[in-house]
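Colleague: Quick one: the structure is below, and I'll ask about it shortly.
Quick note: the coordinates plus some simple rules give every number you see, no bench work behind them. These figures come from a predicted structure and were not determined experimentally. Cβ placement follows ideal geometry from the backbone for every residue including glycine, while neighbour counts extend to all protein chains displayed.
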Amino acid sequence: MSSLRSSFERYLRYTWTATSHRAKSQEEHRQILELCRTRKTKPAHRLLKDHILATGDLLIEKLRRQDASLSTTSSPP
């Protein structure tokens, strides 16, 4: 489990620093926590799922753009 967390955390930090997602992410975390505190499990589950999927999509998009950028800059003439 700690190995999984370490791997995940690297990408999480990358997403926060390479995009402007950190503020939105933190706000979603607060909303999820509040939904859990008030035992609104279905909305909490939906928001958590959406949050994870959106963050994953953002990370994939950013990594693809970075890869494409590296491919075009390192191509021989």
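Colleague: Which entry is the computed Cα Rg over 2.2 N^0.38 Å for this structure: (i) 1.68; (ii) 1.21; (iii) 1.41?
Modeller: Computed from these coordinates, Cα Rg over 2.2 N^0.38 Å corresponds to label (iii).
Colleague: Once both axes come from the Cα atoms, what is the angle between helix 22-37 and the longest principal axis of the chain, in degrees from 0 to 90, rounded to 10?
Modeller: 20
Colleague: Additional query: Could you order peptides 47-56, 61-70 by the average number of other Cβ atoms within 10 Å of their residues, highest first? Please report the intermediate quantities before stating the final value.
Modeller: Numbers: 47-56: 13.8, 61-70: 11.4.
Listed from highest to lowest mean packing, they are 47-56, 61-70.
Colleague: On to the next question. Please give every one of the lysines within straight-line cross-link reach of LYS40, meaning a C-alpha to C-alpha distance under 29 Å, and leave out same-chain neighbours fewer than 8 residues apart.
Modeller: LYS24, LYS49
Colleague: I've got another one for you. Round to the nearest 0.05 the FRET efficiency obtained for LEU12 and ARG37 when R0 = 30 Å and r is the Cβ-Cβ distance. Provide the component values of the computation, followed by the final result.
Modeller: Working: r = 23 Å, r/R0 = 0.77.
Computed FRET efficiency for LEU12 and ARG37: 0.85.
Colleague: Please compute the modelled spin-label separation between ARG22 and HIS51, points set 7 Å along Cα→Cβ, answer in nm with one decimal.
Modeller: Placing both labels 7 Å along Cα→Cβ, they lie 1.7 nm apart.
Colleague: Specify which residue in the list TYR14, THR72, LEU53 is farthest towards the positive end of the charge dipole of the chain, using unit charges on the beta carbon of Lys, Arg (+1) and Asp, Glu (-1), about the Cα centre.
Modeller: Positive-most Cα among the choices belongs to LEU53.
Colleague: Principal axis extents for the range 8-51, Cα atoms only, whole Å, descending order, please.
Modeller: Taking max minus min along each principal axis of the Cα atoms, the range 8-51 gives 33, 17, 14 Å.
Colleague: Now for a different question. Give the angle, between 0 and 90 degrees and rounded to the nearest 10, that separates the Cα long axis of helix 41-73 from the longest principal axis of the Cα atoms of the chain.
Modeller: Relative to the chain, helix 41-73 is tipped by roughly 10 degrees.
Colleague: Per-residue counts of other Cβ atoms within 10 Å, averaged by peptide: what ranking do you get for 5-13, 21-29, highest first? Walk me through the numbers on the way to the answer.
Modeller: Values: 5-13: 11.3, 21-29: 13.7.
By packing density, highest mean first, the sequence is 21-29, 5-13.
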